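Visitor: Below is a structure I'd like to ask you about.
The values are calculated or read from the model by the stated rules, or taken from the named source; none is laboratory data. Quick caveat: nothing in here was measured; it's all calculated off a predicted structure. Neighbour counts run over all protein chains shown; Cβ positions are idealised from the backbone, glycine included. In case anyone asks, the SASA skips ligands and DNA or RNA and just uses the protein heavy atoms, side chains included. Shrake-Rupley method; radii C 1.70, N 1.55, O 1.52, S 1.80 Å.
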Amino acid sequence: MSTATISLPRVARHNPLAAIGVVLVAIFLLCALFAPWIAPQDPAHIDLPNRLQRPSASHWCGTDELGRDMLSRLIFGARISMFVGSSVVLGSLFLGLIIGSIAGYYGGGVDRFVNVVVMNAFLSFPGILLAIAFVAFRGPGIFNLILALSLGGWVGYARLVRAQVLAVREREFVEAARALGANDLRIIVRHILPNIIQPVIVQAAIGMAGAILAEATMSFLGLGVPPPTASWGSMLNDARAHLFDSPYLVLFPATTVMLAVLAFNFIGDALRDFLDPRSRIEAGL
């Protein structure tokens with residue numbers, strides 16, 4: 001059955017978690033795009049007389065230790081998480097596509113050098129530690145944060161692309177394009193990449209969850225965007241001192257990070273099933 005005839009309501013009924021994930025991502029994107037109009041207050045406005053207020057009608061999520069409205073900071077924090085997450089995924093995917101395609105297409109010594117030396121060298125260091133070292137050397141900032149997380153995240157995409165290219169490069173349509181005189185760049189871009197893009201899309205959706213979690217971790221350690229910019233991770237860091245007297249300061253940003261990560265994981269799992277023809281047939285889609 002073609003994808004054009006697939007019923008979206010039927011897909012939603014078959015996989016309700018995917019529908020929940022799409023709704024949550026849509027909410028986060030709306031908050032990120034329209035934060036100045038949605039947020040009830042300025043997220044950086046300090047109101048010391050109203051510090052550490054519990055959730056109420058005037059402050060739905062309470063206020064922090066400086067009297068700043070938590071709901072407004074959560075809404076503006078979605079901007080940082082969505083922007084950093086999408087930028088990291090795009091940067092990692094771009095590097096992974098280039099390096100993985102070269103290694104898989106040419107094989108031989110090129111493949112051995114990229115796969116054994118370069119990729120294993122990056123995999124020998126945990127990605128988060130590499131990002132921490134990079135940001136500590138370059139200094140905090142959103143650009144440095146994106147670059148650091150991209151440098152630590154491209155290997156997974158490159159290994160996936162390499163494996164897919166190795167499986168496709170000897171197919172008949174690639175041999176036909178080569179026989180017709182197409183150069184290597186055209187064969188990779190026009191014939192190989194379109195036929196391996198499905199698992200890459202699934203990996204990117206799941207990678208978005210990891211990028212959001214990594215950004216929150218870096219901000220929690222003080223290596224993310226500098227204050228007073230609202231970030232879910234920095235909000236958790238600021239709330240540590242009030243864990244017992246004002247637990248809502250931890251509960252709301254932690255729940256927000258959890259929902260964002262779960263949403264993209266749900267979407268990634270659904271895409272994996274949706275893009276697999278056998279899974280669609282079994283599900284009656």
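Visitor: What number goes with the only condition from (1) modelled with pLDDT of 90 or more; (2) touching a Leu at 6+ places or on another chain (Cβ under 9 Å); (3) open to solvent by 50 Å² or more (accessible area, probe 1.4 Å) that Leu33 does not pass?
Guide: Of (1) modelled with pLDDT of 90 or more; (2) touching a Leu at 6+ places or on another chain (Cβ under 9 Å); (3) open to solvent by 50 Å² or more (accessible area, probe 1.4 Å), only one is false for Leu33: (2).
Visitor: At least 1 residues that are out of contact with any helix residue (DSSP H, G or I) (no Cβ under 9 Å at 6 or more places or on another chain) and over 23 Å from Val250 (Cα atoms) in each: list the helices (runs of 4 or more DSSP H) lying fully within the stretch 66-150 that qualify.
Guide: Result: 108-112, 120-123, 127-138.
Visitor: Look at Val165 and say whether it is open to solvent by less than 60 Å² (accessible area, probe 1.4 Å), part of a helix (DSSP H, G or I) and of a type outside the set (Lys, Arg).
Guide: When the stated conditions are applied, Val165 passes them.
Visitor: Scanning for something of a type outside the set (Lys, Arg) and touching a Gly at 6+ places or on another chain (Cβ under 8 Å), does the stretch 25-42 turn up at least one residue?
Guide: Checked the stretch 25-42: no residue is of a type outside the set (Lys, Arg) and touching a Gly at 6+ places or on another chain (Cβ under 8 Å).
Visitor: A further question follows. Hey, which of the helices (runs of 4 or more DSSP H) in the stretch 185-285, taking only ones fully inside, have at least 3 residues that are open to solvent by less than 30 Å² (accessible area, probe 1.4 Å)?
Guide: 193-220, 232-239, 248-274
Visitor: Now for a different question. Could you tell me which residue of the stretch 52-62 is most open to solvent (accessible area, probe 1.4 Å), considering only residues that are out of contact with any strand residue (DSSP E or B) (no Cβ under 6 Å at 6 or more places or on another chain) and without any contact (Cβ under 8 Å) to a residue 60 or more places away in the chain?
Guide: Selected residue: Trp60.
Visitor: With respect to the numbered conditions (1) open to solvent by 70 Å² or more (accessible area, probe 1.4 Å); (2) part of a helix (DSSP H, G or I), which one is the sole condition not fulfilled by Glu170?
Guide: For Glu170, the failing item is (2).
Visitor: Could you look through the stretch 109-162, keep only residues that are open to solvent by less than 50 Å² (accessible area, probe 1.4 Å) and of a type in the set (Ser, Thr, Tyr), and pick out the one that is nearest to Pro199 (Cα to Cα)?
Guide: Tyr157
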